[in-house]
1. Filter region 10-55 down to residues that are assigned to a loop (DSSP other than H, G, I, E, B), of a type in the set (Ser, Thr, Tyr) and closer than 16 Å to residue 179 by Cβ, then give me how many there are.
2. Please go through region 87-121 and pick out each residue that is surrounded by fewer than 19 Cβ atoms within 10 Å (Cβ to Cβ) and either assigned to a loop (DSSP other than H, G, I, E, B) or touching an Asp or Glu at 6+ places or on another chain (Cβ under 7 Å) (or both).
3. For residue 226, are the conditions met, namely being out of contact with any strand residue (DSSP E or B) (no Cβ under 9 Å at 6 or more places or on another chain), farther than 29 Å from residue 4 by Cα, assigned to a helix (DSSP H, G or I) and without any contact (Cβ under 8 Å) to a residue 40 or more places away in the chain?
4. Got a number for residues in region 199-215 being exposed (fewer than 15 other Cβ atoms within 10 Å of the Cβ), within 16 Å of residue 139 (Cβ to Cβ) and more than 17 Å from the chain's Cα centre (by Cα)?
5. Do we have any residue at all in region 139-151 that's of a type in the set (Phe, Trp, Tyr), modelled with pLDDT of 95 or more and part of a helix (DSSP H, G or I)?
6. Out of the residues in region 124-138 meeting the condition of being within 16 Å of the chain's Cα centre (by Cα) and not in a strand (DSSP E or B), tell me which one is farthest from residue 42 (Cα to Cα).
7. If a residue has to be part of a helix (DSSP H, G or I), touching a residue at least 24 places away in the same chain (Cβ under 8 Å) and surrounded by fewer than 20 Cβ atoms within 10 Å (Cβ to Cβ) to count, how many in region 56-79 make the cut?
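The values are calculated or read from the model by the stated rules, or taken from the named source; none is laboratory data. Quick caveat, the model's predicted, so the values are computed rather than measured. With ideal geometry, Cβ positions are generated from the backbone for all residues, glycine too; neighbour counts draw on all protein chains shown.
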Amino acid sequence: MPDAAYRILNRLVGRAIHLYDMISDGDRIAVGLSGGKDSLTLMWILKERLSRIPVKYKLFPVYVDPGFEGGFADALENYCSEMGYDLRVDYSDCGILGHSAENRENPCFLCSRLRRKRLFEIADELGCSKVALGHHKDDMIETLFLNMCYAGEISTMLPSQSLFQGRFTIIRPLAYTDENIIRRFAASRHFPEFANPCPSAGISKRREIKTLLSQLYAANRKVKGNIFRAMSHVKPEYLLK
(Lines give C-alpha, C1' and ligand atoms only; values in the text may rest on other atoms or scores of the structure.)
Protein backbone atom coordinates (compact mmCIF):
# COMPACT_ATOMS: atom_id res chain seq x y z
CA MET A 1 0.00 0.00 0.00
CA PRO A 2 1.39 3.45 -0.93
CA ASP A 3 2.47 5.53 2.05
CA ALA A 4 0.78 8.80 3.01
CA ALA A 5 3.61 11.00 1.73
CA TYR A 6 3.43 9.35 -1.71
CA ARG A 7 -0.35 9.75 -1.91
CA ILE A 8 -0.14 13.46 -1.06
CA LEU A 9 2.80 14.00 -3.41
CA ASN A 10 1.10 12.22 -6.28
CA ARG A 11 -2.13 14.18 -5.81
CA LEU A 12 -0.41 17.57 -5.64
CA VAL A 13 1.91 16.89 -8.57
CA GLY A 14 -1.04 15.71 -10.63
CA ARG A 15 -2.96 18.86 -9.70
CA ALA A 16 -0.12 21.17 -10.72
CA ILE A 17 0.48 19.36 -14.02
CA HIS A 18 -3.24 19.45 -14.84
CA LEU A 19 -3.91 23.08 -13.85
CA TYR A 20 -0.95 24.43 -15.82
CA ASP A 21 -1.05 21.92 -18.68
CA MET A 22 2.62 21.21 -18.01
CA ILE A 23 3.16 17.99 -19.95
CA SER A 24 1.86 16.87 -23.34
CA ASP A 25 2.15 13.60 -25.21
CA GLY A 26 5.54 13.28 -26.89
CA ASP A 27 7.30 15.91 -24.78
CA ARG A 28 11.06 15.69 -24.30
CA ILE A 29 11.78 17.05 -20.82
CA ALA A 30 15.17 17.95 -19.39
CA VAL A 31 15.05 17.44 -15.62
CA GLY A 32 17.46 19.58 -13.63
CA LEU A 33 19.02 17.40 -10.93
CA SER A 34 20.94 19.01 -8.08
CA GLY A 35 21.45 15.92 -5.94
CA GLY A 36 19.03 17.24 -3.32
CA LYS A 37 15.80 15.65 -2.13
CA ASP A 38 13.63 17.99 -4.22
CA SER A 39 15.07 17.20 -7.64
CA LEU A 40 15.42 13.49 -6.83
CA THR A 41 11.75 13.41 -5.80
CA LEU A 42 10.78 15.25 -8.98
CA MET A 43 12.67 12.79 -11.17
CA TRP A 44 11.21 9.79 -9.31
CA ILE A 45 7.58 10.91 -9.55
CA LEU A 46 7.81 11.96 -13.20
CA LYS A 47 9.29 8.60 -14.13
CA GLU A 48 6.82 6.67 -11.95
CA ARG A 49 3.83 8.42 -13.55
CA LEU A 50 4.82 7.05 -16.97
CA SER A 51 3.76 3.56 -15.89
CA ARG A 52 0.15 4.52 -15.20
CA ILE A 53 -0.92 7.51 -17.31
CA PRO A 54 -1.84 7.63 -21.02
CA VAL A 55 0.45 10.62 -21.72
CA LYS A 56 3.93 9.52 -22.82
CA TYR A 57 7.03 11.67 -22.57
CA LYS A 58 10.79 11.25 -22.34
CA LEU A 59 12.93 12.38 -19.42
CA PHE A 60 16.54 13.57 -19.69
CA PRO A 61 18.08 14.17 -16.25
CA VAL A 62 20.91 16.72 -16.26
CA TYR A 63 23.35 17.68 -13.51
CA VAL A 64 25.48 20.80 -13.94
CA ASP A 65 28.44 20.38 -11.60
CA PRO A 66 29.39 23.85 -10.24
CA GLY A 67 33.09 22.99 -10.11
CA PHE A 68 33.86 22.93 -6.39
CA GLU A 69 36.39 20.51 -4.92
CA GLY A 70 34.80 17.53 -3.19
CA GLY A 71 31.89 17.36 -5.63
CA PHE A 72 29.55 14.37 -5.82
CA ALA A 73 28.99 14.03 -9.58
CA ASP A 74 30.34 10.46 -9.70
CA ALA A 75 28.21 9.33 -6.75
CA LEU A 76 25.11 10.94 -8.25
CA GLU A 77 25.82 9.34 -11.60
CA ASN A 78 26.15 5.92 -9.95
CA TYR A 79 22.87 6.37 -8.08
CA CYS A 80 21.04 7.44 -11.23
CA SER A 81 22.42 4.43 -13.07
CA GLU A 82 21.04 2.16 -10.34
CA MET A 83 17.65 3.85 -10.70
CA GLY A 84 17.64 3.48 -14.47
CA TYR A 85 18.18 7.19 -15.15
CA ASP A 86 20.54 8.12 -17.98
CA LEU A 87 22.13 11.14 -16.29
CA ARG A 88 23.97 13.78 -18.31
CA VAL A 89 26.74 15.34 -16.20
CA ASP A 90 28.15 18.69 -17.27
CA TYR A 91 31.31 19.84 -15.51
CA SER A 92 31.34 23.63 -15.25
CA ASP A 93 33.01 26.47 -13.37
CA CYS A 94 29.72 28.23 -12.53
CA GLY A 95 30.30 28.00 -8.78
CA ILE A 96 33.88 29.21 -9.04
CA LEU A 97 32.84 32.22 -11.11
CA GLY A 98 29.93 32.91 -8.75
CA HIS A 99 32.31 33.03 -5.79
CA SER A 100 35.00 35.08 -7.50
CA ALA A 101 36.46 38.17 -5.82
CA GLU A 102 34.47 40.42 -8.17
CA ASN A 103 31.16 38.90 -7.09
CA ARG A 104 31.32 38.58 -3.32
CA GLU A 105 27.98 40.30 -2.65
CA ASN A 106 25.70 37.70 -4.24
CA PRO A 107 27.54 34.52 -5.31
CA CYS A 108 24.38 32.38 -5.25
CA PHE A 109 22.58 34.55 -7.81
CA LEU A 110 25.39 34.41 -10.39
CA CYS A 111 26.08 30.71 -9.88
CA SER A 112 22.40 29.87 -10.27
CA ARG A 113 22.10 32.07 -13.35
CA LEU A 114 25.13 30.48 -15.04
CA ARG A 115 23.99 26.94 -14.24
CA ARG A 116 20.50 27.71 -15.54
CA LYS A 117 22.01 29.05 -18.76
CA ARG A 118 24.03 25.87 -19.19
CA LEU A 119 20.96 23.74 -18.47
CA PHE A 120 19.06 25.46 -21.29
CA GLU A 121 21.98 24.91 -23.65
CA ILE A 122 22.02 21.20 -22.83
CA ALA A 123 18.24 20.98 -23.16
CA ASP A 124 18.58 22.46 -26.63
CA GLU A 125 21.26 19.90 -27.53
CA LEU A 126 18.95 17.10 -26.37
CA GLY A 127 15.99 18.42 -28.33
CA CYS A 128 14.01 19.22 -25.18
CA SER A 129 11.50 22.06 -25.27
CA LYS A 130 10.65 21.74 -21.58
CA VAL A 131 12.86 21.97 -18.50
CA ALA A 132 11.52 20.55 -15.23
CA LEU A 133 12.86 22.01 -11.98
CA GLY A 134 12.34 20.79 -8.42
CA HIS A 135 11.10 24.03 -6.87
CA HIS A 136 8.26 23.47 -4.42
CA LYS A 137 5.65 25.48 -2.54
CA ASP A 138 8.11 26.70 0.12
CA ASP A 139 10.56 27.85 -2.58
CA MET A 140 7.86 29.95 -4.19
CA ILE A 141 6.95 31.64 -0.91
CA GLU A 142 10.61 32.24 -0.04
CA THR A 143 11.23 33.74 -3.49
CA LEU A 144 8.34 36.15 -2.97
CA PHE A 145 9.94 37.41 0.25
CA LEU A 146 13.44 37.45 -1.25
CA ASN A 147 12.26 39.63 -4.11
CA MET A 148 10.39 42.00 -1.82
CA CYS A 149 13.28 42.34 0.64
CA TYR A 150 16.26 42.36 -1.70
CA ALA A 151 14.96 43.24 -5.18
CA GLY A 152 12.21 45.72 -4.28
CA GLU A 153 9.52 43.95 -6.28
CA ILE A 154 6.54 41.68 -5.72
CA SER A 155 7.17 38.56 -7.79
CA THR A 156 7.91 34.87 -7.46
CA MET A 157 8.46 31.71 -9.52
CA LEU A 158 5.71 30.48 -11.83
CA PRO A 159 4.56 26.85 -11.94
CA SER A 160 4.88 27.03 -15.74
CA GLN A 161 6.76 29.73 -17.62
CA SER A 162 7.44 30.16 -21.32
CA LEU A 163 10.83 31.66 -22.19
CA PHE A 164 12.73 32.83 -25.26
CA GLN A 165 9.64 33.44 -27.42
CA GLY A 166 8.25 30.02 -26.54
CA ARG A 167 11.41 28.09 -27.34
CA PHE A 168 11.51 26.62 -23.84
CA THR A 169 9.01 26.17 -21.05
CA ILE A 170 10.08 25.80 -17.44
CA ILE A 171 7.75 23.54 -15.49
CA ARG A 172 7.65 23.08 -11.72
CA PRO A 173 5.44 20.04 -10.99
CA LEU A 174 6.18 20.33 -7.24
CA ALA A 175 4.75 23.86 -7.09
CA TYR A 176 1.83 22.83 -4.84
CA THR A 177 3.85 20.46 -2.66
CA ASP A 178 5.11 21.41 0.80
CA GLU A 179 8.79 20.82 1.46
CA ASN A 180 7.88 18.72 4.49
CA ILE A 181 5.98 16.24 2.29
CA ILE A 182 9.01 15.97 0.00
CA ARG A 183 11.27 15.42 3.00
CA ARG A 184 9.02 12.63 4.27
CA PHE A 185 8.80 11.04 0.84
CA ALA A 186 12.56 11.18 0.29
CA ALA A 187 13.14 9.54 3.67
CA SER A 188 10.62 6.77 2.92
CA ARG A 189 12.41 6.03 -0.39
CA HIS A 190 15.85 6.22 1.24
CA PHE A 191 17.18 8.76 -1.24
CA PRO A 192 20.92 9.33 -0.82
CA GLU A 193 22.19 12.52 0.77
CA PHE A 194 25.08 14.24 -0.97
CA ALA A 195 27.30 16.68 0.91
CA ASN A 196 27.06 20.11 -0.70
CA PRO A 197 30.62 21.41 -1.32
CA CYS A 198 29.45 24.99 -1.94
CA PRO A 199 31.15 27.43 0.48
CA SER A 200 27.90 29.42 0.72
CA ALA A 201 25.77 26.45 1.72
CA GLY A 202 23.70 27.31 4.78
CA ILE A 203 24.53 31.04 4.82
CA SER A 204 22.53 32.37 1.89
CA LYS A 205 19.85 35.07 1.88
CA ARG A 206 17.33 32.33 1.15
CA ARG A 207 18.32 30.61 4.39
CA GLU A 208 17.67 33.85 6.29
CA ILE A 209 14.21 34.15 4.73
CA LYS A 210 13.48 30.48 5.47
CA THR A 211 14.32 31.05 9.14
CA LEU A 212 12.08 34.12 9.28
CA LEU A 213 9.18 32.29 7.70
CA SER A 214 9.55 29.28 9.98
CA GLN A 215 9.03 31.62 12.94
CA LEU A 216 5.84 32.98 11.35
CA TYR A 217 4.55 29.48 10.63
CA ALA A 218 5.25 28.36 14.20
CA ALA A 219 3.18 31.25 15.56
CA ASN A 220 0.14 30.54 13.36
CA ARG A 221 -0.33 27.41 11.24
CA LYS A 222 -2.59 29.29 8.79
CA VAL A 223 0.10 31.78 7.76
CA LYS A 224 1.81 29.60 5.17
CA GLY A 225 -1.40 28.74 3.33
CA ASN A 226 -2.54 32.36 3.42
CA ILE A 227 0.73 33.60 1.92
CA PHE A 228 0.56 31.00 -0.84
CA ARG A 229 -3.05 31.88 -1.68
CA ALA A 230 -2.19 35.58 -1.64
CA MET A 231 0.09 35.09 -4.64
CA SER A 232 -2.97 34.31 -6.79
CA HIS A 233 -5.28 36.78 -5.02
CA VAL A 234 -3.68 40.13 -5.81
CA LYS A 235 -5.60 43.43 -5.64
CA PRO A 236 -3.61 45.85 -7.84
CA GLU A 237 -5.91 48.73 -6.89
CA TYR A 238 -4.50 48.55 -3.37
CA LEU A 239 -0.85 48.68 -4.44
CA LEU A 240 1.25 51.78 -5.02
CA LYS A 241 1.60 53.14 -8.55
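1. First, pick out the residues of region 10-55 that are assigned to a loop (DSSP other than H, G, I, E, B): 20-27, 33-36, 50-55.
Applying the additional criterion that residues be of a type in the set (Ser, Thr, Tyr) yields 20, 24, 34, 51.
Remaining after also requiring closer than 16 Å to residue 179 by Cβ: 34.
The total comes to 1.
2. Within region 87-121, 89, 90, 91, 92, 93, 100, 104, 105, 106, 118 meet the criteria.
3. On the way: out of contact with any strand residue (DSSP E or B) (no Cβ under 9 Å at 6 or more places or on another chain): yes; farther than 29 Å from residue 4 by Cα: no; assigned to a helix (DSSP H, G or I): yes; without any contact (Cβ under 8 Å) to a residue 40 or more places away in the chain: yes.
No; evaluated as a whole, the condition is false for this residue.
4. 3
5. Of the residues in region 139-151, the ones of a type in the set (Phe, Trp, Tyr) are 145, 150.
Next, from what is left, pick out any that are modelled with pLDDT of 95 or more: 145.
Right, trim to part of a helix (DSSP H, G or I) and you get 145.
Checking region 139-151: at least one residue is of a type in the set (Phe, Trp, Tyr), modelled with pLDDT of 95 or more and part of a helix (DSSP H, G or I).
6. Start the filter on region 124-138 by keeping residues that are within 16 Å of the chain's Cα centre (by Cα), which leaves 130-138.
Imposing the further condition that a residue be not in a strand (DSSP E or B) reduces the set to 133-138.
On the way: 133: 8, 134: 6, 135: 9, 136: 10, 137: 13, 138: 15 Å.
Among residues in region 124-138 that are within 16 Å of the chain's Cα centre (by Cα) and not in a strand (DSSP E or B), the one farthest from residue 42 (Cα to Cα) is 138.
7. Step one: list which residues in region 56-79 are part of a helix (DSSP H, G or I), which gives 73-79.
Subset that is touching a residue at least 24 places away in the same chain (Cβ under 8 Å): 75-76, 79.
Imposing the further condition that a residue be surrounded by fewer than 20 Cβ atoms within 10 Å (Cβ to Cβ) reduces the set to 75, 79.
Selection size over region 56-79: 2.
Residue-by-condition table, conditions (1) surrounded by 14 or more Cβ atoms within 10 Å (Cβ to Cβ); (2) of a type outside the set (Phe, Trp, Tyr):
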site: 132; (1), (2): yes, yes
site: 143; (1), (2): yes, yes
site: 166; (1), (2): no, yes
site: 181; (1), (2): yes, yes
site: 194; (1), (2): yes, no
site: 197; (1), (2): yes, yes
